[in-house]
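Colleague: Let me begin by handing over the structure; questions about it come next.
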Amino acid sequence: MRPTGRSAAEVELEDFSSLGENKAKMPADFDKGAYPEPPRQTPVVDKQTALPNPAVILSKLFYYSVDLPVTTFRDAVDSIRSSNKAVYYHQKFRRVPDLADCQHGDYLCYYEAEMQWRRDYKVDQEIVKVVQERMRACQQREGPSYHQNCAQEIQQFNQTTNNFQSRYGDLGAYATGRKCLMKQKERMMAPQAQSA
């Protein structure tokens, strides 16, 4: 029962303090066999054999034969590169006349036009790859609704591939500038033949 005139908090405080007095206290000299103290430092590994550990030997062999020389070489190369910073530029080729503009028998002009055609072919291939990567990234980003949200990228990809196909399609594995020029001439002559 609670005595009158005191608050509930005072009564609870008194009950809590009396509970602590009734509890048994831990003796100062406890049983050290039942509760051993933890070791104060890491124990020394007790070797069972006189042979060295093969894992340690292999790790040291790898470190000194592979890791250390490679790291040293890399540090030396990095220090040389940091002192000699080279600036790289893209090589710019001047435009040369097309095969149709070359004089008959001018083999140097033929060669230059062929090399320019090959460079243009590689550039056009990379343009198609970049446009295709943009379209695929949009498809990946938009998910199932890519038909709506990626309409511009899909249209650009279709236009780019159609242009590439009309210029370089059906040339075969050994495509040259001369074959491409002949294909363009045939394509230009086809509407004239149909109209006649």
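The values are calculated or read from the model by the stated rules, or taken from the named source; none is laboratory data. Since the structure is predicted, the reported quantities are computational estimates derived from the model, not experimental observations. Here the Cβ is made from the backbone with ideal geometry for all residues, glycine too, and neighbour counts use every protein chain on show. Just the protein is used for accessible areas: all its heavy atoms, side chains included, with ligands, DNA and RNA removed. Shrake-Rupley method; radii C 1.70, N 1.55, O 1.52, S 1.80 Å.
Colleague: Here are the criteria: (1) open to solvent by 80 Å² or more (accessible area, probe 1.4 Å); (2) of a type in the set (A, V, I, L, M); (3) at pLDDT below 90. Tell me which single one Ala100 does not satisfy.
Modeller: (1)
Colleague: May I ask you to verify whether Ala173 is without any contact (Cβ under 8 Å) to a residue 12 or more places away in the chain, open to solvent by 80 Å² or more (accessible area, probe 1.4 Å) and closer than 29 Å to Lys92 by Cα? Steps first, answer last, please.
Modeller: Details: without any contact (Cβ under 8 Å) to a residue 12 or more places away in the chain: yes; open to solvent by 80 Å² or more (accessible area, probe 1.4 Å): yes; closer than 29 Å to Lys92 by Cα: yes.
Answer is yes for this residue.
Colleague: For the stretch 143-151, state whether one or more residues are open to solvent by less than 100 Å² (accessible area, probe 1.4 Å), among the hydroxyl-bearing types (Ser, Thr, Tyr) and assigned to a helix (DSSP H, G or I). It would help to see each step written out before you state the result.
Modeller: At the first step, the residues of the stretch 143-151 found to be open to solvent by less than 100 Å² (accessible area, probe 1.4 Å) are 143, 145-146, 149-151.
Applying the additional criterion that residues be among the hydroxyl-bearing types (Ser, Thr, Tyr) yields 145-146.
With the extra rule that they be assigned to a helix (DSSP H, G or I), the set shrinks to 145-146.
Yes, that holds for at least one residue.
Colleague: Now a separate question. Which one of Tyr107, Tyr63 is at pLDDT 90 or above and either within 30 Å of Arg178 (Cα to Cα) or surrounded by fewer than 10 Cβ atoms within 10 Å (Cβ to Cβ) (or both)?
Modeller: Numbers: Tyr63 fails: either within 30 Å of Arg178 (Cα to Cα) or surrounded by fewer than 10 Cβ atoms within 10 Å (Cβ to Cβ) (or both).
On inspection, the qualifying residue turns out to be Tyr107.
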